[in-house]
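Novice: My questions all concern the structure below.
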Amino acid sequence: MTPVGLVCMAYGSPATLEDVLAYYTHIRGGKIPSPSQVAELCERYRRIGGQSPLAEITQRQATGVARALREDHLDVRAYVGMNAALLADQRGIVLRHSRGSSVPPPDRVDVRPVLA
């Protein structure tokens, strides 16, 4: 059976408070936010524990969907991608495949938006 890769995408958020400036600049299309804007966003993340629960929630969803598909006898490997960190996610998928997987890494990663 050919393995299937499942990539569940979320918009993404900074992984740490140190990542806020780069994240904020990215979501603003490259426009660097003011120091006060960065401080405000950092404070919002501090209030929720320093990082968004989005990545963990998306990982649980991906794991659940993959588990359900495996019950239907599909060989599924689940990954999480964060749109705001897409290039890093693409490299991560290739690295995961290269570390002990018998499945060769994909030649490319195609991301298709899904509007709900």
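Novice: All but one of (1) of a type in the set (Gly, Ala, Ser); (2) part of a helix (DSSP H, G or I); (3) surrounded by 15 or more Cβ atoms within 10 Å (Cβ to Cβ) hold for residue 22, so report the exception by its number.
Specialist: Status for residue 22: all satisfied but (3).
Novice: I would also like to ask the following. Kindly check whether there is at least one residue in segment 20-39 that is polar (S, T, N, Q), over 14 Å from residue 83 (Cα atoms) and within 14 Å of the chain's Cα centre (by Cα).
Specialist: Looking through segment 20-39, none of the residues is polar (S, T, N, Q), over 14 Å from residue 83 (Cα atoms) and within 14 Å of the chain's Cα centre (by Cα).
Novice: Considering segment 59-81 alone, what residues qualify as being over 12 Å from residue 3 (Cβ atoms) and of a type in the set (Val, Ile, Thr)?
Specialist: 63, 65, 80
Novice: Further question: Looking at 112, 70, which one is under 17 Å from residue 8 (Cα atoms), assigned to a loop (DSSP other than H, G, I, E, B) and either assigned by TED's automatic domain parsing to the domain that holds residue 6 or modelled with pLDDT of 55 or more (or both)? Please lay out each step first, then the result.
Specialist: Values: 70 fails: assigned to a loop (DSSP other than H, G, I, E, B).
Testing whether each residue is under 17 Å from residue 8 (Cα atoms), assigned to a loop (DSSP other than H, G, I, E, B) and either assigned by TED's automatic domain parsing to the domain that holds residue 6 or modelled with pLDDT of 55 or more (or both) leaves just 112.
Novice: For residue 40, all conditions in the list (1) at pLDDT 95 or above; (2) touching a strand residue (DSSP E or B) at 6+ places or on another chain (Cβ under 9 Å) hold save one; what is the number of the exception?
Specialist: Unmet for residue 40, out of (1) at pLDDT 95 or above; (2) touching a strand residue (DSSP E or B) at 6+ places or on another chain (Cβ under 9 Å): (2).
Novice: Would you point out which residue out of 48, 57 is at pLDDT 85 or above and over 16 Å from the mean Cα position of the chain (by Cα)?
Specialist: Details: 57 fails: over 16 Å from the mean Cα position of the chain (by Cα).
Unique residue meeting the criteria: 48.
Novice: Any chance you could count how many residues in segment 47-59 are exposed (fewer than 12 other Cβ atoms within 10 Å of the Cβ) and of a type outside the set (Asp, Glu)?
Specialist: Pass one, segment 47-59, residues exposed (fewer than 12 other Cβ atoms within 10 Å of the Cβ): 47-49, 53, 56.
Checking the rest, the ones that are also of a type outside the set (Asp, Glu) come to 47-49, 53.
Summing the residues that are exposed (fewer than 12 other Cβ atoms within 10 Å of the Cβ) and of a type outside the set (Asp, Glu) in segment 47-59 gives 4.
The values are calculated or read from the model by the stated rules, or taken from the named source; none is laboratory data. Keep in mind the model is a prediction, meaning the values are calculated, not measured. Positions of Cβ are backbone-derived with ideal geometry, glycine not excepted, and every protein chain shown enters the neighbour counts.
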